[in-house]
Structures are given as C-alpha cells and as structure tokens.
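Quick notes on the structure that follows.
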Amino acid sequence: MTAHHIANRLETIRFKQPWLVLGAANTFSLACPENPTISHCYSFEASDSEAPTIAIPDGCVEVLFDCGNSDASAKVYGTPMSAMDTGIQSGHRYFGVRFVSGAIPACMQASAEEIVNHQFNFVDVVPHAHQLVESIINSNDFCDQVACFKRFFDKTTARPLSQLTQSMVSIIVARKGNVRIDELALATGYTTRTLQRQFRADIGMSPKAFSRIVRCQSAVYCINHCDDVDFLDMACTLGYSDQSHFLREFKKCVQVTPMAYQKQVKQQSYLDRIQFF
C-alpha cells in the first residue's frame, strides 16, 4: 500500500496516538475490525530509544497487551488528561485495541470516572478474560490477535450512553471542541447543571474537559492531514483566545509545540512505518 493510500486510510481514524507510531522499531500494523465499538487494533515492537513513549489525550479507552516473554501483561487505560509516559518497554512486542471515543465496553467493571486517567489490569475489570489474554500474548500473528479479540468482544456491546450525552458528544465533535457549556445548554434545552451531571456519569469527565481533548485532537488531525498549516488560523478556528494559549494547550497535551510535532509527523518514515491489514 502506498503512502498516499495509507494517509487516506489514516484519515478515517479521528483520534490519534502518534507517539506510538513514532515509537515503533519498524512496522506499525493497523486493522479496523467490523465492530462499532472498536476504532482499530494495532501491533508494534517498541524501539530501543531511551526516550519515553508518550500517550496524548484522546477520550478513548485502550487495552494494551505487552507480549514480552518475561513481562507479559494486559492493561486497560483510560484517556490521559495531559501528555503522559506509557511505560512501554524497549524491544517488547505490543498488541493494542483502541475503542471509539466515549465508548466503554459493557463488560468492564469500573465506572466511567474511575477509568479516566487511570489504568487497570485487564483481568481485574473484565471477568473471564484470562484465556483471551493468554491467546493474544502467546500469538505472534497480528491478524490472529485481531480475530481473537474481536470474537471475545463481539459477545458484548458498549455501555449505552444517554440520549443527552450522545447529543452533546455529537455537537462537541462537530464543532471540533470549540463549544461552551452554555451553547450546549441552548442546543439541548437542558440546564448546565443537568448536562454536567449526565455527561460525567456517562463519559467520566465534564463536557469542558472532553471538549478540550477534542480540540487538541482536532489540531493533531489537521497537522497530520493538511499540507499547509497556518497555526494562527488554526488557533482562531479552534477557539483559542490567542496563539500563545494554543501553543500552551498543545504542548501540555502533546508534549511538544505544534511546529515541532509537524516536523516529526511529516517525515516520510512516519507513514512508512504503518501497514494496514
């Protein structure tokens, strides 16, 4: 698959973890199984770089299997609220699953608020998952791992979101995070207090925090997929008070400035690492 085709496929993945791709030693494998709860699956071997692999806020629940022979494990990660070290080990092989933003599998025994910005052992929050973990960790074939995980999760669904939260999520994503709570109240016809309470119960954070994540991810997405980016225009479009505010927020979420990030993702080696299945 050419770099052009890979770029087109990547455009379908709205919420990014770019440092995972850049932290791969060689190929970063991607697959999008036919499950509305799952955004995509991926696999890679971590490079031997001493620099930490960073996770950025994405609003997603992630399951990550460390397939290292001596340190095999499986963990559930809630979205970080700022850039954080993933703890990925050099030379280890990983298999990961990212759920769509805002979706929490019904089989996970933890509240939405407990999951955000925290991690858990997979078997502690997903009952009867020991065999799944063993099957994935002991497999060296990415497609087999994807099929195994899909079979397990095809038996479950995402936790149902209230109609009110669904409406708010749709508005926030459509506005690329550039929306205020009073605008959400006007659009939905509910009080801000009701919106805050229901959104936090369903998603685990406030609408404002989720909007901040979507706004940052919108900037990341634009930098990834636009050839000519004007950072001042981007700051205005996304509703930042000024360019300095945009730079501070971006660096807090992504760990580097927008310009430094652009230089790294525009390297040809970024797309060359990715292989779709």
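Could you tell me whether GLY68 is assigned to a loop (DSSP other than H, G, I, E, B), surrounded by 20 or more Cβ atoms within 10 Å (Cβ to Cβ) and not polar (S, T, N, Q)? Against the criterion (assigned to a loop (DSSP other than H, G, I, E, B), surrounded by 20 or more Cβ atoms within 10 Å (Cβ to Cβ) and not polar (S, T, N, Q)), GLY68 does not qualify. Filtered by the rule that a residue be crowded, with 17+ Cβ neighbours inside 10 Å and either outside any helix (DSSP H, G or I) or hydroxyl-bearing (Ser, Thr, Tyr) (or both), region 191-228 gives GLY204, MET205, SER211, SER218, TYR221.
Taking every residue in region 76-94 that is more than 18 Å from ALA110 (Cα to Cα) and pairing it with any residue that is hydroxyl-bearing (Ser, Thr, Tyr) and outside any strand (DSSP E or B), at least 6 positions away or on another chain, the pairs with Cβ-Cβ distances below 6 Å are THR86/THR53; ILE88/THR53. Condition first: of a type in the set (Lys, Arg), more than 20 Å from MET84 (Cβ to Cβ), modelled with pLDDT under 90 and touching a Leu at 6+ places or on another chain (Cβ under 9 Å). Can you find one or more residues in region 257-268 that meet it? No, region 257-268 contains no residue that is of a type in the set (Lys, Arg), more than 20 Å from MET84 (Cβ to Cβ), modelled with pLDDT under 90 and touching a Leu at 6+ places or on another chain (Cβ under 9 Å).
The number of residues in region 68-111 being within 16 Å of the chain's Cα centre (by Cα) and of a type in the set (D, E, K, R) comes to 3. Among the residues of region 17-41, those that are assigned to a loop (DSSP other than H, G, I, E, B) and farther than 14 Å from TYR94 by Cβ comprise CYS32, PRO33, GLU34, ASN35, PRO36, THR37. Looking across region 46-87, the residues that are of a type in the set (A, V, I, L, M, F, W, C), in contact with a helix residue (DSSP H, G or I) (Cβ under 8 Å, 6 or more places away or on another chain) and over 23 Å from SER135 (Cβ atoms) come down to ILE54, ALA55, ILE56, MET81, ALA83. How about region 234-270: which of its residues are acidic (Asp, Glu) and part of a helix (DSSP H, G or I)? The answer is GLU249, and nothing else. Answer yes if at least one residue in region 106-114 is farther than 17 Å from THR79 by Cα, assigned to a helix (DSSP H, G or I) and without any contact (Cβ under 8 Å) to a residue 60 or more places away in the chain, and no otherwise. No, there is no match, as no residue in region 106-114 is farther than 17 Å from THR79 by Cα, assigned to a helix (DSSP H, G or I) and without any contact (Cβ under 8 Å) to a residue 60 or more places away in the chain. Within region 148-165, the residues that satisfy the criterion of being in a helix (DSSP H, G or I) and either crowded, with 16+ Cβ neighbours inside 10 Å or on the phi > 0 side of the Ramachandran plot (or both) are CYS148, PHE149, LYS150, PHE152, PHE153, LEU164, THR165. Looking at ARG200, is it out of contact with any Pro (no Cβ under 7 Å at 6 or more places or on another chain) and without any contact (Cβ under 8 Å) to a residue 60 or more places away in the chain? Answer is no for this residue. Just to be sure before I move on: is VAL123 assigned to a helix (DSSP H, G or I), without any contact (Cβ under 8 Å) to a residue 60 or more places away in the chain and β-branched (Val, Ile, Thr) in the structure I sent? Against the criterion (assigned to a helix (DSSP H, G or I), without any contact (Cβ under 8 Å) to a residue 60 or more places away in the chain and β-branched (Val, Ile, Thr)), VAL123 qualifies.
The values are calculated or read from the model by the stated rules, or taken from the named source; none is laboratory data. Remember, it's a predicted structure, so these values are computed and weren't measured experimentally. Positions of Cβ are generated from backbone atoms using ideal geometry, with glycine treated the same way; all protein chains shown enter the neighbour counts.
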